[in-house]
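I have placed the structure first, in the form of structure tokens, so that the comments after it can refer back to it.
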Amino acid sequence: MHSPGHRFQAQDRFPARDRFAAGVQYVAGRFGEGTSGRTHAVVDPSTGEEILRYELAGTDDVDRAVAAARAAFPGWSGGTPGERSDALHRFASVLADRADELARAESLQCGKPLKLTREFDVPGTVDNAAFFAGAARHLQGQSAGEYSGDHTSYVRREPIGVVGSIAPWNYPLQMAAWKVLPAIAAGNTIVLKPAELTPFTSLLFAEAATEAGIPDGVVNVVTGAGRDAGEHLVSHPDVAMTSFTGSTAVGRRVAELATATVKRLHLELGGKAPFVVFDDADLEAAVHGAVAGALINTGQDCTAATRAYVQRPLYEEFVERTAELMAGVRLGDPFAPGTDLGPLVSHAQRDRVAAFVDRARAYARVVTGGEAPGGDLAKGAYYRPTLVAGAAQDSEIVQAEIFGPVLVVLPFDSDDEGIRLANDTPYGLAASAWSRDVYRANRATREIKAGCVWVNDHIPIISEMPHGGYKASGFGKDMSAYSFEEYTQIKHVMFDNTAVARKDWHRTIFGDR
């Protein structure tokens, strides 16, 4: 089904050319052009039409942004936690005031339905800013004490310096928030490189920081290609930490570059989330949870439900009802009120997803979907919600991250088998377990190896709780107070309390007792 509605012109949706007439680099509180000599076009994925063509950032632009962040660091890090907290409270307020513009910009560049950006992306970002405004005053360390008997020790949490962060295209606004907010709340300054496909909301986010009174140079954005701007940012000697969200393959390259300069490294990488349905589960809840969890953001979510393991007594009915519910999801214009699902972020991504499904036809059954729609939507990067059954556990469609609206369903018999299959991929970012039995569910939360395990739900996140993975899904946490462990360094301070010139331990170096 589809509900394209009235199609507005891109400029009526979000006036990108006017808003970014000065360029799509944001350094030291000002917009500017890139200097790489190469251009890139932001394309509306719902139509294939060019929205804005801009000059990409080059290595000189990265150097300029890092220099601005380095210059701003002493003043920003030297302020009190209360001062940073006040600035972040103002930041949250500015973001709330700009909510409609942020939602429209995100929907235009990503193809997200406006109801998703208005109800999920933007409110989540505002809430993150409000959370870190409070958290900025709670950088806790170990209590001071006389642990050796002759000395008083205490722990300081100190900012690291300039953070160089690289964010993906699937949640540009929220990823900007997840990268920037804990970093600056802890006293760091930052250079953020968004994806070239989707720079708009990262730039608006940085501009909002300036409007809130956060000093120039604390938040900078360089929009360039990964092979030059991104790699130069990670390798830069004045960048003390790298935070990257993206694929596991690119994460390995980022780790190689960061290791050369011994940087602090935070990686949030790919996922292939299992959705484990035990035979005592509420089937209606599981079916609705599977469709919503698989199709959120058109499946372009590293925590999306991608592998449903259903205990055999419920398997056939689960497949039938999930296919029926998927087939009723309305594809359409992201700005139309009746749209449930927008396009993928690009035609290249749509074709990549389609290729996974087409290859799977040789060994599995496509129950519903498995094609791009025609008619009014044919020009966009749309792909129908797709359910695949009958695949083997070791098949590509079960093991590889597809990043599209595709759910694979497999049966299992014993609880042991269900949990074993859930763990049987290189990834470990998120998972869910569906059961009415508290002991069964609790066992699943203990034994499934993932950074987040939901019980009888899939997808919700909250600012107070950490997000991050196990295994090939990376390490480190976004959101929550735990993220400060990524963006601060620990210093032990030790005072002698004896006022004795020759300490007892000196005898190990010179003289006898």
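Values as computed for the structure displayed
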read-out: Options Gly299, Val406, Pro172, ranked by Cα towards positive dipole end of the chain, top entry (Cβ charges); value: Pro172
read-out: Cα pair distances of the range 273-455 binned at 5 Å [whole percent]; value: 1, 9, 18, 22, 20, 14, 8, 5, 2, 0
read-out: Hz values of 3J(HN,Hα) by residue in the range 400-408 - Karplus curve (6.51, -1.76, 1.60), Gly and Pro given as x; value: 8, 7, 8, 6, x, x, 10, 10, 9
read-out: Residue exposure sequence - Tyr439, Tyr470, Tyr487, Tyr147 - by fewest surrounding Cβ within 10 Å; value: Tyr439, Tyr147, Tyr470, Tyr487
read-out: Nonlocal amide H pairs with Phe412, under 5 Å, H built at 1.01 Å; value: Val310, Gln311, Arg312
read-out: For the chain, calculated [θ]222 nm from helices alone, where every DSSP H run of n ≥ 4 adds -39500 (n - 2.57); value: -11000 deg cm²/dmol
read-out: Nitroxide proxy distance, nm - points 7 Å out along Cα→Cβ at Glu211 and Arg443; value: 5.4 nm
read-out: Net dipole in debye of the range 273-455 [+1 Lys, Arg Cβ; -1 Asp, Glu Cβ; about Cα centre; nearest 20]; value: 420 debye
read-out: 5 angstrom amide H check on Gly58, placed H, neighbours 5+ away; value: Thr35, Ser36
read-out: For the chain, with +1 on Lys and Arg beta carbons and -1 on Asp and Glu, the positive-most of Phe31, Ala285, Ala362 along the dipole; value: Phe31
read-out: Amide hydrogen neighbours beyond the local backbone of Val27, cut-off 5 Å, H modeled; value: Gly32, Val221
read-out: Computed magnitude of the charge dipole of the chain (debye, nearest 20; Cβ of K, R +1, Cβ of D, E -1); value: 920 debye
read-out: Residue order, fewest to most surrounding Cβ atoms within 10 angstrom, among Glu106, Glu316, Glu231, Glu447; value: Glu316, Glu447, Glu231, Glu106
read-out: Gain upon complete extension [Ser247, Ala41; 0.36 nm per residue less C-alpha separation]; value: 71.9 nm
read-out: DSSP bridge orientation in the range 378-513 - percent antiparallel, rounded to nearest 5; value: 25 percent
read-out: Rounded FRET efficiency, nearest 0.05, which uses the C-beta distance separating Phe495 from Ala362 and R0 of 60 Å; value: 0.30
read-out: Cα-centred dipole magnitude for the range 231-288, charges only on beta-carbon of K, R (+1) and D, E (-1), debye, nearest 20; value: 540 debye
read-out: The chain: antiparallel DSSP beta bridges as a percent of all, rounded to 5; value: 40 percent
read-out: Estimated translational D of the range 257-315 in µm²/s (Stokes, Kirkwood radius over Cα pairs; 20 °C; 1.002 mPa s); value: 158 µm²/s
read-out: For the range 373-507, diffusion coefficient by Stokes-Einstein and Kirkwood Rh (Cα), 25 °C, 0.890 mPa s, µm²/s; value: 127 µm²/s
read-out: For the range 231-241, Karplus couplings with θ = phi - 60° (6.51, -1.76, 1.60), whole Hz, Gly/Pro x; value: 5, 5, 5, 5, 7, 4, x, 8, 9, 8, 8
read-out: Backbone HN-Hα couplings from phi across the range 37-50 [Karplus 6.51/-1.76/1.60, Hz, Gly and Pro as x]; value: x, 10, 10, 9, 10, 7, 10, 6, x, 7, 10, x, 8, 6
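Read-outs throughout are calculated quantities, based only on the coordinates presented, and are distinct from any laboratory measurement. This is a predicted model, so every value here is computed, not measured. Virtual Cβ from ideal backbone geometry, glycine too; neighbours counted across all protein chains shown.
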